[in-house]
Structures are given as C-alpha cells and as structure tokens.
Amino acid sequence: MTSVVSIVFAEIRYRLLSSACVTVIVATAVSAVVFFMLLTDLAADRTRMIQRDIGLNMRIIPAETDLELYWIKGYAEGWISESLLEKGIEQDVANRLVPMLQRTIPWGDGEAMLTGIGDELFARGEKMKPVFGGIQKEAESLTIGAVAADKRQLHEGDQLKVLGRDFTIKRVLTATGTVDDIRVYASLPVVQMLLDMPGKINEVRALECHCGSEIDDPEAYIQSVLQPLFPGTRVIRQDSLADARRKQRMLAERIGVVAAPVLITFAALAIFAMAFLNAQQRQQEIGLLAVVGKSAWTIGSIVWLRSAVLGLLGGLGGALVGWWLVNQFGHYFIGAGNAKLAFNMQSLLVGGALGGLIASCGAFIPALLAARRDPAATLRSAG
Amino acid sequence: MIQHQQDSIVSCSALCKTFHIAGDLNVNAVNDVALNVSEREIVVIHGSSGSGKTTLLMMLAGMLQPTSGCVELLNKDLYRQDSSERALLRRKSIGIVLPMFHLLPYLDAAANVALGSSKKHARKQAIDLLDRVGLADRARQLPDRMSAGERRRLIVARALIHDPKLLLADEPTSNLDDENAGVIRTLLVDHARQGNGVLIVTHEQPERFCATIVHEMSNGKLQSIAQTVG
C-alpha cells in the first residue's frame, strides 16, 4: 500500500518550488503575527518598567481624610490597619502594594517628613524589582531625601537622632524635584514604633493593573473591587498617568488585534488560491487515485494534508523568524535598546499550530472540491 | 432486467449515457447497450474513436453515472451503491488500464504499481509484478524517465496488482511496438485464464487479443456481436 503520507511527501519533494511558495507565504504571515505578539509583550514589559520609573499611580488612604489637608500636608491624618493588606492583595486591579506610614516630625529647627516604607506586595505572587528598592530597610538605618540632607549638611554614614533614637544614614537620595526630597525614610516597623502606631499605616500606594483597559469607567470599577477589601478607605487615582498608560496599551493591543487577523486572512486566502491551483494542476492524479479506488476522503486528505504539512513547516519557521526579527529590530519600535526576549518552545508550538491552522483552513475547500470531483470528468479533462 | 449468465462478473442492460453539450444539443454516447463479461472471458469491444467505448468502460468501472440502465458487478447493482462503496468495489474487484499514461509522476515505478493495492506488503508484491512485466530493474525509476512501452506495462501491472476479478483495459496496446504490445497481451490473456474477466476496448484488430467474444461499437451502440474466437 502506498500511504497517504508517502504520497504527500513525495509530491512535496517533486513540486519543490510550489511547496516552497506555500511554506514561505505561511512563514511570512506567522512571522508577522509572532513579531507583533512578541513586540506587544516587549512593549508591555517596557511600559511596566517606564511606569515603575514614573511611580505608583494609586493611593489608598483613610476614608475620612480631608483631601485639601492631604495635599497640603502630603499625608493623611487618620490611619488604616496594616492587616488589610493580607486580603487586599487578592484582586487584580492593583499591583505593587506598598504600605506607608507618614508624619511630619520636628527635626532641628525645622520639620521633616518621616516616612515608613513596608515590604512591597505583588498580586498573583509575581516577583518584580520593587519600586522603593533604593530605600534601606535595616532597623538602624535611614535614607534621606536630597533637600533634607543638604539643609542639615548630612552625608551617608553620619549618625543622627530621630525622635530620640540613634540611626545611621545609609543613603542620601539624588534630588527628584518632588516632595520626596524632604523625606526621611525608615522601615515601616521602625516608624510605627517611633510614632507609637503599631500595626497602623496611613497610605497604601499601588500600581493600576491591566484590568482597567476593557471597561468604560476604570475608576468606578477599581473602587468597586478595592472597597470591600479595604473597608474604611478611599482610592485616589492619578488619572493622567493611568489613562495615558491605558491608552498607550490599548493602542498597541488594537494594532495587534487588527493586524493579526488581517495577516492570517491574507495568508489563508493565498493558500486557498495555491491549494486550488495545486488541485487543478493535479486533476489527472486525482482522477487516477479515483481509478485505483481511493475514496473521496483519501483524495481530499491528500490535498489537505499537503497544505497542512507545509503550513506546519512554515509556521515553525515563521515563529523562529518572528522571534529573531523582534530581537533584532524590536528596539526601533519600542525604544528599549537592549530589550531581548528569550525564545521559548511555546512560541514555536503556537507558530507551528497557527501555520498548520492557516494552511488547513486555506486548503479545506480545494480539498473538498477535489474529493467531490467526478473521476471520469477529471480524467477526460486531464486527458 | 439483466439476464444473469453463469459466472457473470459484470453485466449491463439498457445502458445509456447522454451528454448535454450546449442548449438542447444532446449526444447519446452510449445507447441501449447490453453486455456481459464472465469468468475466463476476454471480451473485446472494437470501434473507432468517438464510438462510445471509453464511456461504456467508465460506466462499467463505476466511475460514470449512466443516464439510464443498470450495471451489475458481482451481483451488486453498481449505481445503487454510494460513491465510497463504488470506490471500495473498484479497489477490491476492478483493475483499470487507461489509455493515457496516468501515473503519479513523483512516485517511483514500484510505488505507482503498489498504489493499486491496499495490502501491507504491496511494494514487495509490486516488485514481483514488475519482474513479470520485465521492469524489475526499473522499480525505483520515476515514470518520466521511462519509455512509453515501459509506462504502459507499469499501468497494466498496477491494474493487476490486487488480482482483480474484472480487468477493464482501454486501448492497452495503442502506440506500442510489437514486443511491448505482445507482453501486455500475454498479461491480459493470463489474467483471464486465472478465472477472471477481461474487457478490452480498442480500435486495433480484435484477433490479437485472443478474444472470447468481440463486439463492434458504433455511434454508442453495440451493433453486432461478432463471434467467439476462442
């Protein structure tokens, strides 16, 4: 018995040029789709990094806070329980939750903003570089903003007393041009102890997650998710930051959403045309297969399988090319100079499956037509 | 109604095929034909080009739906079966030799012959058969590297590989030299002697095929039953 598979592979070898054309069409489409997909991933990573650099755009503060005073003083007068964070992390609208406790304290002949920073909490158990990674967390250490240090001629390594307790300045931050320049940072437990507020915080800073992108009113949605988890709080959302980020992300996603189906449809149509021409070119063979008693199903399978095999090959090749392209040229699009994506088997499998699917869809109708063709008419027209 | 003869393999009665050419123009390619091929018979249908021989053969092979009439193969009404059942009958019981060099150009000679069989060891069987038709040394050759006579022998070998009960041969020796034509005629005669039926349509001299029965076909009709030659 000459199997369907051996017929398919022999025909592919024999008509190498047309086979290569099908493979190249699929590879082109798949590489473009993979390129867009990986570029979107890379852009999302880059966006996350930019956002992290810009800062956290959500603040969860006590509900009774007078916002006028909050913006004048830079912190909320009331407090919320630190224990809320245990439940508060179980949602997907806010990530990178940083508990903080801030108060203005007398310092020398002036005041300073004493700021306790707790450990950053990540949603879904993710591990990322913390936003406040530069703040020293040791019990006897302080990190001081540039203006606060400069005003008092303090340097790294200097000893000083804060609220009667001795500390060493581990780090003086570079100037940021914000209120952070007058802060005196310490670990949250230390500040809670200094202020005699154990287990209390007055702010949680967080980064808005992707979830806000598909809904009309992200602010209301975020409030509705966070309120039950943080009872007795209100959420301040820095709209300009969040919206700019959301719009940028939606634009990137929209390009992906439009480009991918267009490319896939184009490839499927091209394969349809090539498979149709291939079936026309092979009328005599199709008639012959009917003569030797091959069923319509077998004949259809031969036409279809050829495209599916070539599609699979094109898909695998396309995935590799797409990955290579995004690593070579991705930085031109997203401005991340050294951004690289490690290749993973999943991309290869997705590419192969996508290529096989495109080719299978494209070849389905020509295969059906070939299978249903009248063998006698086929032989007459081919003869 | 078909009158069954003893050992009948294929028979047809009142068989007609009309092709609609254009508008109201119809061509009766086969017109009211009755025919029987029994075991050990070599039936030759002789006629000129366009007489309807190939159309009749296609209908007997289950590859062309008749306009009217009926074809029985091994006591089964061929056109009451669906197309997949007819394909199965062809695969099991019919060998067809076509007039053109219908071969898959990308399969070697042995694979082309094995195409006619659904058995596991078809390639070995094909090589044995190629030996019988004098092509043992060409088993791995692609058809386009073979001569017309070799390709014709290949097609006959493919039609015989599954030892079909009915062999339908359309111009099996046309355009062949005497030596190649002789080899093919011997194969067809041997196949009939093994208890099978052979139907040959040709415009060549029927005597050459050791025919049991010779029919003359003209304008779609089997006009005369010639004679039993031997």
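The values are calculated or read from the model by the stated rules, or taken from the named source; none is laboratory data. From a predicted model like this one, the values you see are computed outputs, not experimental measurements. Heads up, the Cβs are rebuilt from the backbone with ideal geometry, glycines too, and the neighbour counts pull from every protein chain shown.
Picking from B:A169, B:A157, which residue would you name as being assigned to a helix (DSSP H, G or I) and either within 13 Å of chain A (Cβ to nearest Cβ) or aromatic (F, W, Y) (or both)? From the options B:A169, B:A157, the qualifying one is B:A157. Looking across the stretch A:161-188, the residues that are acidic (D, E) and within 33 Å of the chain's Cα centre (by Cα) come down to A:D180, A:D181.
Scanning the stretch A:251-309 for residues that are within 30 Å of A:G322 (Cβ to Cβ) and among the charged types (D, E, K, R), we see that the one that is modelled with the lowest pLDDT is A:E253. State all residues of the stretch A:77-119 that are surrounded by fewer than 21 Cβ atoms within 10 Å (Cβ to Cβ), touching a helix residue (DSSP H, G or I) at 6+ places or on another chain (Cβ under 6 Å) and of a type in the set (S, T, N, Q); if no residue qualifies, say none. Of everything in the stretch A:77-119, just one residue is surrounded by fewer than 21 Cβ atoms within 10 Å (Cβ to Cβ), touching a helix residue (DSSP H, G or I) at 6+ places or on another chain (Cβ under 6 Å) and of a type in the set (S, T, N, Q), namely A:Q91. Only one of the numbered conditions (1) more than 26 Å from A:R15 (Cβ to Cβ); (2) surrounded by 20 or more Cβ atoms within 10 Å (Cβ to Cβ); (3) within 13 Å of chain A (Cβ to nearest Cβ) is violated by B:A109, and that is (1). For the criterion of being part of a helix (DSSP H, G or I), surrounded by 23 or more Cβ atoms within 10 Å (Cβ to Cβ) and within 12 Å of chain A (Cβ to nearest Cβ), B:L56 passes.
Looking at the structure I just gave you, is B:A114 farther than 19 Å from B:L15 by Cβ, more than 7 Å from chain A (Cβ to nearest Cβ) and surrounded by 18 or more Cβ atoms within 10 Å (Cβ to Cβ)? Judged against the criteria, B:A114 is not a match. Among the residues of the stretch A:99-123, those that are outside any strand (DSSP E or B) and touching a Lys or Arg at 6+ places or on another chain (Cβ under 7 Å) comprise A:G108, A:E120, A:F122.
Within the stretch B:67-96, the set of residues being part of a helix (DSSP H, G or I) and within 10 Å of chain A (Cβ to nearest Cβ) comprises B:S83, B:S84, B:E85, B:R86, B:A87, B:L88, B:L89, B:R90, B:R91, B:K92, B:S93. The residues of the stretch A:174-197 that are part of a helix (DSSP H, G or I) and either at pLDDT 85 or above or surrounded by 18 or more Cβ atoms within 10 Å (Cβ to Cβ) (or both), listed by number, are A:D180, A:D181, A:I182, A:L188, A:P189, A:V190, A:V191, A:Q192, A:M193, A:L194.
Once the stretch A:1-16 is narrowed to residues that are more than 9 Å from chain B (Cβ to nearest Cβ) and under 16 Å from B:K119 (Cβ atoms), the residue that is surrounded by the most Cβ atoms within 10 Å (Cβ to Cβ) is A:V4. When you check B:G62 against the structure, is it in a loop (DSSP other than H, G, I, E, B) and buried (at least 24 other Cβ atoms within 10 Å of the Cβ), yes or no? Judged against the criteria, B:G62 is a match.
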